Amino acid sequence: MITKLTRRAALASFAAFGLAANVATMSIAAGHGMTFTMATAGSETDARSVALADVFAPMVAGFAEYKPGYNGTLFAQGTELDAIARGNLTMSITSAQELAQFFPEFSIFATGYVHQDAAHQVRVFNDALMDPFKKKVEDELGVKLLSVMYLGRRHVNLRFPRSEKNIMTPADLAGVNLRMPGTDAWQFLGKALGASPTPLAFTEVYTALSTGAVDGQDNPLPTVVDKKFYEVTKQIALTSHLVDLNYIAFSKETWDGLTPEQQLTVQRAADASASYGRLKQLDMENNLADFIRSQGVEIYTPDLAAFRNHVQAQYVGSDAAASWPDGVLDRINALGN
Ligand code: KDO
């Protein structure tokens, strides 16, 4: 997890050395053999990883080699934005929660029950309301947010069988040690759900579930299958508490060193891979429940109104909500169905 000190240091070093680094990148871009390194905590078989490897990589192959690092092997989860800002990484699949570590107002996109579905995420990302958010990340961190990727509806997934714990309302999660990713926005959401959240890196989740170090985790169904969480859990309450997204984050240094044609190609490649990954993920999300059930995991729908009301009430008057620019939540809601 990145510390506040690290984040400040990253911002300062980007401001101080941005110009020098930019000159270095431009000379690389003018020549040949550019490499776009990409870091993610996700696996090679994750739909977003597949989309970048199968769609993005071939589209930029005329001028850049795409080099992905999966499972947090290049950079640990949560440190990728720092790495891009420092010029050590070209791209990552980042989250609003990670961006909120630098720019608290991004917590609005990480808030429970705000985005309604994948199409809503796309409308929000492409709307003018996003422009000041994107500009700030670009100007102050040196990171361009190229496109929005769909991760999916996050649900509560526990080790206990339903006969031991039946999660119908937030009160039923009292005392449940729920693994959530390690940033403030995630921990806030875990508490808002009624659970006792524990921060843990994505790559540690399977082991923590199998040893009982945590009682559960939250992720969309495709992730439950991709990471085989069904082997070490017994139930999924379909809370849909977050229609989760990621952004394709790209180094502004590298971007500025590209020709206008190359920039267009990179942008198109990012959009095309995001669309491809979204369709794949939606398809899996809609078709994996039977498989998961066949592995002995109960899947059921809790009292969604109780969860939605409770989660939304926690954000009202919170520090997170205080950072949201006036009117943005209304604009996001207006872009919904
Ligand atoms: C996770 O750690 O649970 C999470 O799903 C959070 C997301 O923001 C994203 O970073 C994702 O992990 C990784 O890409 C691995 O799928």
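Please treat every number below as a calculation from the coordinates, not as lab data. Owing to the predicted nature of the structure, the values given are computational and were not obtained by experimental measurement. Here the Cβ positions follow ideal geometry from the backbone for every residue, glycine too, while neighbour counts run over all protein chains shown.
Our helix-only sum for the chain, with -39,500 (n - 2.57) per DSSP H run of n ≥ 4 divided by its residues, gives a mean residue ellipticity at 222 nm of -13000 deg cm²/dmol. For the listed residue pairs Lys191/Lys252; Lys67/Lys165; Lys134/Lys165; Lys234/Lys280; Lys134/Lys228; Lys136/Lys234, the alpha carbons are over 32 angstrom apart in Lys191/Lys252; Lys67/Lys165; Lys134/Lys165; Lys134/Lys228; Lys136/Lys234. Remark: the stretch 125-249 is approximated by an ellipsoid whose semi-axes, taken from the C-alpha gyration tensor as √(5λ), come to 30, 15, 14 Å, largest first. Whole-percent P(r), the stretch 89-177, all Cα pairs, 5 Å bins from 0: 2, 10, 19, 20, 14, 11, 9, 8, 5, 2, 0. Here is the list for the stretch 138-199: GluC sites (Glu not before Pro) lying in DSSP coil, each with at most 10 other C-beta atoms within 10 angstrom of its C-beta, are Glu164. The phi-based Karplus calculation (6.51 cos²θ - 1.76 cosθ + 1.60; θ = phi - 60°) puts the 3J(HN,Hα) values of the stretch 146-163 at 7, 7, 9, 9, 9, 9, x, 7, 7, 10, 7, 10, 10, 6, 6, x, 4, 5 Hz, whole numbers, x for Gly and Pro.
Overall, the chain carries a charge dipole of about 300 debye about its Cα centre when +1 sits on the Cβ of Lys and Arg and -1 on the Cβ of Asp and Glu, all other atoms neutral.
The label point for Asn333 and the one for Glu231, both projected 7 Å from the Cα toward the Cβ, are 4.4 nm apart. Fully extending the segment from Asp54 to Met168, taken as 0.36 nm per residue of separation minus the present Cα-Cα distance, adds 37.0 nm.
Report the Cα centroid-to-centroid distance between the stretch 95-131 and the stretch 313-330 in angstrom, as an integer. What the calculation gives is 13 Å, centre to centre. The P(r) of the stretch 199-295 has a tail past 21 Å containing 50 percent of all C-alpha pairs.
For Leu335, nonlocal amide neighbours, meaning residues 5 or more places apart or on other chains whose placed amide H falls under 5 Å from its own, do not occur. Each distinct pair of alpha carbons in the chain adds a 1/r term; the inverse of their mean, the Kirkwood radius, is 20.4 Å. Among 218-226, 319-327, the peptide with the highest mean count of other Cβ atoms within 10 Å heads the list, and the full ranking is 218-226, 319-327. Counting only the Cα atoms, the stretch 157-201 fills a convex hull of 62 Å³ per residue.
For the peptides 231-239, 77-85, the ranking by mean Cβ contacts within 10 Å, running from highest to lowest, is 77-85, 231-239. With the highest mean first, a sort of the peptides 269-275, 247-253, 291-297 on other beta-carbon atoms found within 10 angstrom per residue produces 247-253, 269-275, 291-297. Spacing of the modelled spin labels on Ala61 and Phe103, each 7 Å from Cα toward Cβ, amounts to 3.4 nm.
Proximity of backbone amide H atoms, modeled 1.01 Å from N, is registered between Met180 and Thr198, Leu200 at under 5 Å, excluding neighbours fewer than 5 places apart on the same chain. On full extension, the segment bounded by Ala201 and Asp139 gains 19.5 nm, given 0.36 nm per residue less the C-alpha separation.
Modelled this way, with points 7 Å down the Cα-to-C-beta line, the labels at Ala289 and Ser323 are 3.5 nm from one another.
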